[in-house]
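Colleague: To start, I am sharing the structure in question, which I have written as structure tokens.
Every number in this text was worked out from the coordinates using simple rules, so none of it is lab data. Note that this is a predicted model, so its numbers are computed, not measured. Here Cβ is always computed from backbone atoms with ideal geometry, including for glycine, and neighbour counts include all displayed protein chains.
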Amino acid sequence: MDASLDLLLNALISGLLLGGFYAAVSIGVAISFGLLDVVNIAHPAFILLGSYVAFLGNTVLGIDPILSALIALPAVYFLGVLAYQVYYVAFERRDDQSLRGLSFFFGLLFITEVGLVLVFGVDYRTVQARYIGATLNLGLFELPLRLLVPFLVSMLMVVALQIFLSRTFVGRAIQAVAQDQLALRLMAANPIKIKRIAFGLSIATASLAGAFLIIIQPVEPSIGREYIGRVFAICVLGGLGSFPGMVIAAMTLGIAESLTATFFGPSWAPAVAFGILLVTLAVRPSGILGR
Amino acid sequence: MASLADKTSLDGALPGLRGLPFVLLLIAVAAAIFAAGRWFGSSYAFFVGYVVLQYIVLGSAWNILGGYTGYVNFGVTAFFAIGAYSTVVLNKLMPALPLPVMILVGGVMAGLVGLGTGYLTLRLRGVFFSIATLALAVVVQTLITNWDFVGGARGAYVMRPKVAPLIGGEYVQYLFLIMLGLVVVVLATARAIERSALGYGFAAIRDDEAAAEASGVPTLRLKLIATGLSGGFMGMAGAPLPFYVTYLDPASGFSLNYAVNAIAMPLIGGTSSWLGPVIGAVLVGGLQEYLRVTISSAVNVLVAGVLMVAFVILAPQGIVGLFQRKKR
């Protein structure tokens, strides 16, 4: 009884921390899918790219994985800008987003995965940092710093982006762009340029999320796929485009997966996200905090 | 050849007499290909040919939903693996069951899963269906990995009979013949759909679903028909796989290559007609085999992805579209 309560409490705490990391993974899709209506199913591939950037920065230059992600941020941002430009010219302008636009991102996902296999091989890669092995003991439960640090930085990122979106002109324009492009034009803002910036930002968040990922678990090229279901489950459950909803959904999924892993075994955890996604789509497609 | 004849009579009924010459032509071409293979007599050719045929079935199956109605199914591996694993299960329970029956069962199982997924998600915008299918691939893999009866994560061994039933010779010839039969069935079905009221309904959904709905097209029912057929054929394509590879584990059965190839081949060949997936499968499948032999297997995997991205950007109508434009 006592032992299982202890188990439950630890599962809840680690689920909550995991949820914070999931928020970082999903916020990029909350921007691209939720605000821009660009269904970027290749987002997990960009996250994995971020993981390997952190891995390179850590092993070659010996710097902290999160710091190397921050250094790479501008480059990743421009990668996102470039990806959107191709997407816009080839699909959005031709109004061909659904079939070929989706296939384009699916192709990117696959090419990135195979490319990473060719460069880094299929071995699991890890990073070194002082906080990875340590835990914070709070008597009743333990907080692994490996989860706590990504959780804190992730929450910081979500709050910063929320402030940027609601307080600045560009941020408000990003929120407006999917709703009324003409109104945006009348405000002397170019909708395409706004979308380019927003998509660049969404990919830039993948760089940080990738660093978190490789801190939390060893990484190999194909694990990105597991995150597709998770990311979209979180975004749909949270109500597309709503950051608070997304954070709640990410925590919910984190806790549900952590409980599943504790009581049914970790190999069942990937199925949780799909269950949540299907139920949400069938019962309440607008999500918990949907408009 | 008895199994072949059964399937054609079943198919001839579907398009009525108008489709009959086409079906007869398909059978003639298939028979010629098989006869040529027998005359050539190399088991390597049969092994390579099987893969290309399998991709014709997979690509055409994907195209029935993706190309005709515009709904993108990324979960090809889920349906394919359901077919493959239903054969593993049947082979364990009733080893004496003939392969065509196993294929039928695998197809029905995969078709039912397609119907279920479609029923839950097809009422929403198309992207939600696509996302659900992506997640479906992960969840079916999780289920299979946790299912000890079919070997779990370790995988399952399947004994391939030494001699082919009915036709004699190596068993791979029998597999090749079966897959050839499936190609005839799937192509006849695809062409029949294109020329029937069903096909016009599908096209109406693809071009403007709201307008189709408003003018009385039963969109949800049509989409479910497409999803069930498409998923069913994918399952059928996967059902003979255990006998082809003789060892099946979740990592290889759910390899992303199947999904990428099944989507890339119709997009490269052209999604508007039954011919597109055939052209795509023969070209890309052939190229991949060539690269696998000459360079490496990692590069051959990359080809389909790169070609797909190049084609959707530069030639959205595929190879068939390039020729159609020239004709006009």
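Colleague: Each residue of the stretch B:118-128 in turn: what ³J(HN,Hα) in whole Hz from Karplus with 6.51, -1.76, 1.60 and θ = phi - 60°, glycine and Pro shown as x?
Modeller: For the stretch B:118-128, the Karplus curve yields x, 4, 6, 10, 6, 7, 8, 4, x, 5, 5 Hz.
Colleague: Continuing with the same structure: Quick check: residue separation of B:Val282 and B:Asp207 times 0.36 nm, minus the Cα distance between them. What number comes out in nm?
Modeller: On the way: separation 75, 0.36 × 75 = 27.00 nm, distance 2.85 nm.
Extra length from B:Val282 to B:Asp207 when fully extended: 24.2 nm.
Colleague: Report Rg(Cα)/(2.2 N^0.38 Å) for chain A, keeping two decimals. Intermediate results must be reported in sequence, preceding the final value.
Modeller: On the way: Rg = 18.9 Å, N = 291, 2.2 N^0.38 = 19.0 Å.
So the Cα radius of gyration is 1.00 times the expected 2.2 N^0.38 Å.
Colleague: Return P(r) of the stretch B:162-209 (all Cα-Cα pairs; 5 Å bins starting at 0; whole %; ordered from short to long distances).
Modeller: So the P(r) values, bin by bin, are 5, 20, 15, 13, 10, 9, 8, 8, 7, 4, 1.
Colleague: Amide H to amide H under 5 Å from A:Thr135: which residues, 5+ apart in sequence or cross-chain, H placed 1.01 Å off N in plane?
Modeller: Here A:Leu145 satisfy the definition.
Colleague: Right, here's the next one. Is there a simple number for the mean count of other chain Cβ atoms within 10 Å of the Cβ of residues in B:315-324, and what is it? Show your work: numbers first, answer last.
Modeller: Numbers: counts 0, 7, 0, 0, 0, 0, 0, 0, 0, 0.
For this peptide, the per-residue mean of nearby foreign Cβ atoms is 1.
Colleague: Let me ask another. Starting at 0 and stepping by 5 Å, how many percent of the alpha carbon pairs of the stretch B:94-159 end up in each bin?
Modeller: 4, 14, 16, 19, 21, 13, 8, 4, 1
Colleague: Sort out for me the Cα centre separation of the stretch B:117-170 from the stretch A:93-128, rounded to whole Å.
Modeller: 22
Colleague: For chain B, what does the convex hull of the Cα positions come to per residue, in cubic angstrom? Numbers along the way, then the final one.
Modeller: Numbers: hull volume 46.2 nm³, N = 328.
Enclosed volume per residue, from the Cα hull, is 141 Å³.
Colleague: For the stretch A:211-224, take each phi angle, set θ = phi - 60°, evaluate the Karplus expression 6.51 cos²θ - 1.76 cosθ + 1.60, and give the result in whole Hz per residue in order, putting x for glycine and proline.
Modeller: Rounded to whole hertz, the list is 4, 4, 4, 6, 6, 6, 8, x, 10, 9, x, 8, 6, x.
Colleague: Here is a further query. If you filter the stretch A:111-214 for trypsin sites (Lys or Arg not before Pro), then keep DSSP loop positions with at most 11 other Cβ within 10 Å, what is left? Provide the component values of the computation, followed by the final result.
Modeller: On the way: sites: A:Arg125, A:Arg130, A:Arg146, A:Arg167, A:Arg172, A:Arg185, A:Lys193, A:Lys195, A:Arg196; in loops: A:Arg130.
Those that pass, being in a loop and sparsely packed, are A:Arg130.
Colleague: Taking K and R as +1 and D and E as -1, what net charge do the other residues with C-beta under 15 Å from the C-beta of B:Phe128 add up to?
Modeller: Numbers: positive: A:Arg284, B:Arg123, B:Arg125, B:Lys223; negative: A:Asp37, B:Glu209.
Around B:Phe128, the surrounding residues sum to +2.
Colleague: Let me spell out the model: positive unit charges on the Cβ of Lys and Arg, negative unit charges on the Cβ of Asp and Glu, origin at the Cα centre of the protein assembly as shown. What dipole size does that give, in debye rounded to 20?
Modeller: On the way: 35 positive and 25 negative charges, 279 e Å.
Charge dipole, the protein assembly as shown, about its Cα centre: 1340 debye, nearest 20.
Colleague: What base-10 log of the normalised intensity I(q)/I(0) is obtained for the stretch B:205-285 from the Debye formula, alpha carbons as equal point scatterers, at q = 0.13 Å⁻¹?
Modeller: Result of the Debye calculation: -0.59.
Colleague: Tabulate in residue order the Karplus-calculated ³J(HN,Hα) for the stretch B:229-234, using 6.51 cos²θ - 1.76 cosθ + 1.60 with θ = phi - 60°, rounded to whole Hz; enter x for Gly and Pro.
Modeller: Each residue's phi maps through the Karplus curve to give 4, 4, x, x, 5, 4 Hz.
Colleague: What is the diffusion coefficient of the stretch B:54-197 in µm²/s, taking the Kirkwood radius over Cα pairs and the Stokes-Einstein relation at 20 °C with a viscosity of 1.002 mPa s?
Modeller: Details: Rh = 16.8 Å.
For these conditions, the coefficient is 128 µm²/s.
Colleague: Can I ask one more? For chain A, modelled as a Gaussian network with Cα springs under 10 Å, which listed residue fluctuates most, A:Val219, A:Val231, A:Val86?
Modeller: Most flexible of the set in this elastic network: A:Val86.
Colleague: Given H placed 1.01 Å from N in the peptide plane, which residues other than close sequence neighbours of A:Arg125 have an amide H under 5 Å from its amide H?
Modeller: Amide H to amide H, under 5 Å and 5 or more residues apart or across chains, A:Arg125 pairs with A:Val219, A:Glu220.
Colleague: Please find, in a Gaussian network model of chain B (springs between Cα atoms separated by less than 10 Å), the residue of B:Ile82, B:Ile268, B:Ile225 whose mean-square fluctuation is greatest.
Modeller: B:Ile225
Colleague: When the Kirkwood hydrodynamic radius is evaluated over all pairs of different C-alpha atoms of the stretch A:216-267, what value in angstrom, to one decimal, is obtained? Let's see the in-between values first.
Modeller: Values: mean 1/r = 0.0830 Å⁻¹.
Here the Kirkwood hydrodynamic radius works out to 12.0 Å.
Colleague: Something else: Mind checking B:259-267 for the average number of partner chain beta-carbons within 10 Å of each residue's beta-carbon?
Modeller: Values: counts 2, 8, 0, 0, 6, 4, 0, 1, 6.
Average per residue, whole number: 3.
Colleague: Picking from A:Leu67, A:Leu143, A:Leu186, which is most flexible by a Gaussian network model of chain A using Cα springs under 10 Å?
Modeller: A:Leu186
Colleague: Now a separate question. Does anyone have the angle between helix A:243-264 and the longest principal axis of chain A? Alpha-carbon axes, 0 to 90°, nearest 10?
Modeller: For A:243-264 against chain A, the angle is about 30 degrees.
Colleague: Still on this structure: In terms of modelled amide H atoms, which long-range or inter-chain residues lie less than 5 Å from the amide H of A:Ile63?
Modeller: Under 5 Å from the amide H of A:Ile63: A:Asn58.
Colleague: Specify, per residue and in Å³, the volume enclosed by the convex hull of the alpha carbon atoms belonging to the stretch B:71-127. Mind showing how you got there, number by number?
Modeller: Values: hull volume 3.9 nm³, N = 57.
Once divided by residue count, the hull of the stretch B:71-127 is 68 Å³.
Colleague: May I pose another question? Report the semi-axes of the equivalent ellipsoid for the stretch B:255-328 in whole Å, largest first, where each axis is √(5λ) for an eigenvalue λ of the Cα gyration tensor. Please list the in-between numbers first.
Modeller: Working: eigenvalues 104, 26, 23 Å².
Those come to 23, 11, 11 Å.
Colleague: If you don't mind, there's one more thing I want to ask. Where does the charge balance sit around B:Gly168 when Lys and Arg score +1, Asp and Glu -1, over other residues with C-beta under 15 Å from its C-beta?
Modeller: Here the charged neighbours net out to +1.
Colleague: Just to confirm a number: summing +1 for Lys and Arg and -1 for Asp and Glu over residues other than A:Leu12 whose beta-carbon lies under 15 angstrom from that of A:Leu12, what do you get? Don't skip to the end; give the middle numbers.
Modeller: Numbers: positive: none; negative: A:Asp6, A:Glu142, A:Glu257.
Residues near A:Leu12 contribute -3 overall.
Colleague: Can you give the translational diffusion coefficient of the protein assembly as shown in µm²/s, computed by Stokes-Einstein from the Kirkwood radius over Cα pairs at 4 °C and 1.567 mPa s?
Modeller: On the way: Rh = 25.4 Å.
Diffusion coefficient, whole number: 51 µm²/s.
Colleague: Taking every alpha carbon pair in the stretch A:94-207, what does the distance histogram look like in 5 angstrom bins from 0, in percent?
Modeller: For the stretch A:94-207, the pair-distance distribution reads 2, 8, 10, 13, 13, 14, 14, 10, 8, 5, 2, 0.
Colleague: Ignore the peptide's own chain and count Cβ atoms of other chains within 10 Å of each Cβ in B:119-130; give me the average, rounded.
Modeller: The per-residue average across the peptide is 4.
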